[in-house]
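Here, each number is a calculation from the coordinates, and none is a lab measurement. This structure is a prediction, so every number in the text was calculated from the model and none was measured. Cβ placement follows ideal geometry from the backbone for every residue including glycine, while neighbour counts extend to all protein chains displayed.
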Amino acid sequence: MTEKTSSECCTHRRQETRNWCVQACLQSFLFDNGARNWTQNQMVELGVREKFCDDRPEKRGVIPYDQGRTPEYSNLIAFCALLDIHLEKIEYEQMPQRPSRGEGVLILIWKYKGNPDVQHCVRFCDRVDENRVRVMNPSPEPDEFPVWEDKQIRNCGCHVFKVRLRKP
């Protein structure tokens, strides 16, 4: 497990497989808030067992959207609840300057790097200024805490979720 803390931000956790970006972001959030220290594999195994994570080898660990349910991200809500995390969708404009203790923000990107077939999740760290945010990117890229422009996030078809510990 790769771990690095940015003084302005949060603990970096590298995703252990290409499908486990959500788990890496949740692992970082839980660690920074002194909650149970789940491994990404433990999260995936629990999610597979409870049917909230995909079990197919090429998609193992992916938390699928369920277009037949309301809300369509019900699997993500239920998966987070397994980890004692409350999740609610918010508007991008509702992101705080910096999350409070026990709270966080996940950004789920549906067209990562402009590719409609690639999804990704990053953890919001803080606002750098009124037009830019810093995120914790769990993918194996050189910049673990990139600064993204608002328009970059808005143009990639993303959903923003506030997370908070159920038991502070």
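General remarks:
- Extending 7 Å from Cα along the Cβ direction at Gln94 and again at Gln152 yields two label points whose distance is 2.5 nm.
- Within a Gaussian network of the chain (alpha carbon springs, distance under 10 Å), most fluctuating of Arg98, Arg134, Arg69: Arg69
- Virtual spin-label span in nm between Arg101 and Thr70, 7 Å along Cα→Cβ: 4.0
- Net charge over other residues, Cβ less than 13 angstrom from the Cβ of Asn131 (K, R count +1; D, E count -1): 0
- Candidates Val22, Val105, Val44: whichever shows maximal mean-square fluctuation once the chain is modelled as a Gaussian network with Cα springs under 10 Å: Val44
- Net charge over other residues, Cβ less than 15 angstrom from the Cβ of Lys167 (K, R count +1; D, E count -1): +2
- If you count Lys pairs in the chain whose Cα atoms are under 28 Å apart, skipping same-chain pairs closer than 8 places in sequence, the total is 26.
- For Asp126, the residues whose amide H sits under 5 Å from its own are Arg134, ignoring neighbours fewer than 5 places away on the same chain, with H placed 1.01 Å from N.
- If the Kirkwood radius is taken over C-alpha pairs of region 98-168, then at 4 °C and 1.567 mPa s the Stokes-Einstein diffusion coefficient equals 102 µm²/s.
- Region 116-168-region 62-111 distance, computed between alpha-carbon centres (Å): 12
- Rounded to 0.05, the FRET efficiency of the Arg60 and Trp110 pair, given R0 = 25 Å and the Cβ-Cβ distance, is 0.80.
- Comparing Lys59, Lys151, Lys89 in a Gaussian network model of the chain, where Cα atoms under 10 Å apart are tied by springs, the biggest mean-square fluctuation is seen for Lys151.
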